[in-house]
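Contents: one structure, followed by commentary.
Only the coordinates and a few stated rules stand behind these numbers; no lab work does. In this text the structure is predicted, and so the values were computed from the model without any measurement. Neighbour counts are summed over all protein chains in view; Cβ atoms, including those assigned to glycine, are modelled from backbone coordinates with ideal geometry.
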């Protein structure tokens, strides 16, 4: 079992795109990666362009295609935070994933930037990422929170 990085490019409404990277292990299955891609597609406004581990991974058939909406901007992200269990990682290091072109409509409460990880597309994403997200020691990382952030990238 070796560490691997799974990455996917997400196109915004311009010639530019952002990148999602998830730390995992080399025994992750194509079905797990397909589920993760479908879940990422469900929480972004952009369109997935490429995905790969050490080789390219086929994009699932049900993802969005075409030109992303004008609101699909790579600086508008979903910040995902997670940790390994206390038993396995006494330091409780916070690991993060940033997903470009985040869908602001996922915000749970007006006036907040927090996303409810137990409902809808966010819950689907949490299930998919929890199945593959690993730290450098190969320990499973569990999502603890998701938040909409605006990085103001030009």
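Rounded to the nearest 0.05, the FRET efficiency derived from the C-beta distance between residue 123 and residue 21 at R0 = 30 Å is 0.85. Under the shape rule built on the C-alpha gyration tensor, where the axes satisfy a ≥ b ≥ c, region 21-150 is oblate, since a/c reaches at least 1.5 while a/b does not exceed b/c. A straight chain from residue 2 to residue 130 at 0.36 nm per residue would run longer than the Cα-Cα distance by 44.3 nm.
Pull out a ≥ b ≥ c, the square roots of the eigenvalues of the alpha-carbon gyration tensor of region 97-154, then state rounded if a/c is under 1.5, prolate if not and a/b is larger than b/c, and oblate in the remaining case. The shape class here is oblate. Taking every DSSP helix (H) stretch of at least 4 residues in the chain, weighting each as -39,500 (n - 2.57) and dividing the sum by the residue count yields a mean residue ellipticity at 222 nm of -5000 deg cm²/dmol.
For the pair residue 29 and residue 113, what calculated FRET efficiency results from E = 1/(1 + (r/R0)^6), where r is the Cβ-Cβ distance and R0 = 25 Å, to the nearest 0.05? Efficiency, rounded to the nearest 0.05: 0.15.
Our summary gives the chain a relative contact order of 28 percent, counting only alpha carbon pairs under 8 angstrom and 6 or more residues apart. Each residue, residue 89 and residue 71, gets one label point 7 Å from its Cα in the Cβ direction; the gap between the two is 3.2 nm.
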